[in-house]
Amino acid sequence: MDSIVDVLQRFSHDLYGRLTGPMPFRLVLQPGVALYLAARDGIKDARTGRDPYLWHIVTTDQASRSKAWREGVTAVTRLLILGVVMDVIYQVKVFGGFPYPLEAFVVSFTLAFLPYLLFRGPFARIAKWWMHRHPGAKSP
């Protein structure tokens, strides 16, 4: 069995390979779609007066946190699945099989859910600011 250090070294090497190997477009496509979804949901949050998403997750009780977490995962489920599928295709092309399933999930989570998690709140704040500055205008 590989040691943790060996696994982390292989993982970092494989991540670098994803930048230079086949299908590098997904490294832009997935975060781009995640930002679009974050903007869409952040604007909805601003319209309904909800707290910014990450702040809500960090500061609320367990039941509300779980509900918000599920809501975010549900919003990007298709994107997460697409990311895993693209990583499976990448691994089959590069390694001739699917030897590292955990890497596929980590890469998909990092490229899809992490940008969504980090940017939904700022998009909500920007939309709230916009609606405050332009009360008669149509919201963004």
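Dipole magnitude for the chain: about 820 debye, using +1 per Lys or Arg Cβ and -1 per Asp or Glu Cβ, origin at the Cα centre.
When 43, 4, 126 are sorted by how many other C-beta atoms sit within 10 angstrom of their C-beta, beginning with the fewest, the order is 4, 126, 43. In the elastic network of the chain, a GNM with C-alpha springs shorter than 10 Å, the most mobile of 109, 123, 95 is 95. Label separation (residue 10 vs residue 125): 4.1 nm, computed from points 7 Å beyond Cα along the C-beta direction. Other residues within the sphere of radius under 13 Å centred on the Cβ of residue 83, judged by their own Cβ, net out at +1 (K and R +1, D and E -1). Only one residue of 5, 124, 113 has its Cα farthest out toward the positive end of the dipole of the chain, where Lys and Arg carry +1 and Asp and Glu -1 on Cβ, and that residue is 124. Spatially close Lys pairs in the chain, defined by Cα atoms under 26 Å apart and a spacing of eight or more places or different chains, total 5.
Calculated FRET efficiency, residue 71 to residue 27, Cβ-Cβ distance, R0 = 25 Å: about 0.45 to the nearest 0.05.
Taking every alpha-carbon pair under 8 Å whose residues sit at least 6 apart, the range 13-140 reaches a relative contact order of 40 percent. Note on the chain: semi-axes of the ellipsoid equivalent to its C-alpha gyration tensor, largest first and rounded to whole Å, are 35, 17, 11. Projected label points at residue 88 and residue 64, each 7 Å from Cα along the beta carbon direction, are separated by 3.8 nanometres. Between the C-alpha center of the range 1-64 and that of the range 75-140 there is a gap of 5 Å. A cut-off under 15 angstrom between Cβ atoms defines the neighbours of residue 24, and their net charge, with Lys, Arg +1 and Asp, Glu -1, is +1.
In the chain, taking the dipole from charged Cβ atoms about the Cα centre, the farthest positive-side position among 39, 81, 99 is held by 39. Extending 7 Å from the Cα toward the beta-carbon at both residue 95 and residue 132 defines two label points whose distance is 4.9 nm.
Only DSSP H runs of four or more residues enter the estimate; each adds -39500 (n - 2.57), and after division by the residues of the chain the mean residue ellipticity at 222 nm equals -25500 deg cm²/dmol.
Every read-out reported here was derived from the displayed coordinates using simple, explicitly stated rules and does not represent laboratory data. Computed from a predicted structure; not experimentally measured. Note: ideal-geometry Cβ built from the backbone for every residue, glycine included; neighbour counts use all protein chains shown.
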